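One structure is given below, encoded as structure tokens.
Since every read-out is calculated from the coordinates, none of them should be taken as a lab result. Just so it is clear, the model here is predicted, and its values are computed rather than measured. Cβ atoms come from the backbone with ideal geometry, glycine included; neighbour counts cover every protein chain shown.
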Amino acid sequence: MTLAPRGRYFPNRLGRIMLFAFEEIMGKNGLNAILNLADLSSLIDNYPPDDEKRAFSFETISSLQSSLEQGYGPHGGHGLAFRAGRVFFSDGLRTYGPELGLNDAAFRFQPPDLKLMSVLHTLTDFFNLHTDQVVLLKESEHKIFWQVEQCPWCWGRQGFEPLCQFAVGMLQEALYWVSGGKFYNVVEETCIAQGDPACLIVIDRVPLT
């Protein structure tokens, strides 16, 4: 595995929310086993503080994702990351929703398509402001493109398939929430771990259900 340059971070609060999301999906013992496998035993019973200091490194996030695949196999690890990403959005919404205006009446009563784009723009701005990710949001008539040029999920990794299932799960839960329970097709089509210039997650504008 080729390690990427060091020095990019999430705030402690987001790292804390992430670890609690994995704990909810896997149970405390399951997460502790993965933290040990990832050489992150210092985080056991010692989650980051609830503050905005950028100290939860991309290396930590990537090691956690990689160890899920080691511990549960690629398919099982990807599934757990996807599920944890969904919980991560829900828990993050409770923490940051008022700050982001996602609980305001002006947001809730927007037309459905505008509301969908509004939540994606809000998330894009949030990650660009609060983390060292570089996220771009683009759209066409039928698709929406979430592009990450500095991606914590596959940071320093190499693979033969996309590795950012956590981000896919987060976005799918965001769309499920904003649409009142509809499912959208969300697929990662390119990944930096595969040698692509960016991680590109493609979202269909029309829901599956």
- Task: Name the aspartates and glutamates eligible as straight-distance cross-link partners of residue 143: C-alpha to C-alpha under 17 Å, and not fewer than 8 places from it in the same chain.
- Result: 113, 188, 189, 204
- Query: What angle, in degrees between 0 and 90 and rounded to the nearest 10, separates the Cα long axis of helix 165-178 from the longest principal axis of the Cα atoms of the chain?
  - Reply: 30
- Task: Please report 206, 178 as a ranked list, fewest other C-beta atoms within 10 angstrom at the top and most at the bottom.
- Result: 206, 178
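Starting from the range 101-209, pick out the chymotrypsin sites (Phe, Trp or Tyr not before Pro) whose DSSP state is loop and whose Cβ has at most 16 other Cβ atoms within 10 Å. Spell out each step's value before the answer.
Numbers: sites: 107, 109, 126, 127, 145, 146, 153, 155, 160, 166, 176, 177, 183, 184; in loops: 109, 153, 155, 160, 183, 184.
When the chymotrypsin sites (Phe, Trp or Tyr not before Pro) of the range 101-209 are filtered for loop state and at most 16 Cβ neighbours within 10 Å, 109, 160, 183 remain.
Using a 10 Å cut-off around each Cβ, can you sort 202, 87 from fewest to most neighbouring Cβ atoms?
Numbers: 202 16, 87 20.
Ascending Cβ contact count within 10 Å gives the list 202, 87.
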- Item | Those lysines that a straight Cα-Cα span of less than 27 Å connects to residue 53, excepting residues fewer than 8 apart in one chain | 28
- If each part is reduced to its alpha-carbon centroid, the range 174-188 and the range 61-118 end up apart, in Å, by 10
- For the range 9-204, what value does the Rg/Rh ratio take when both radii are computed over Cα atoms and Rh is the Kirkwood radius, given to two decimals? 0.95
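Tell me, 117, 170 in order of fewest to most beta-carbon neighbours within 10 Å? Intermediate values should be presented prior to the final figure.
Values: 117 16, 170 29.
Going from least to most buried by this count: 117, 170.
Can you check what the net charge comes to around residue 131, using other residues whose Cβ is under 9 Å from the Cβ of residue 131 (Lys, Arg +1; Asp, Glu -1)?
Working: positive: 8, 54; negative: 132.
Computed value for this residue: +1.
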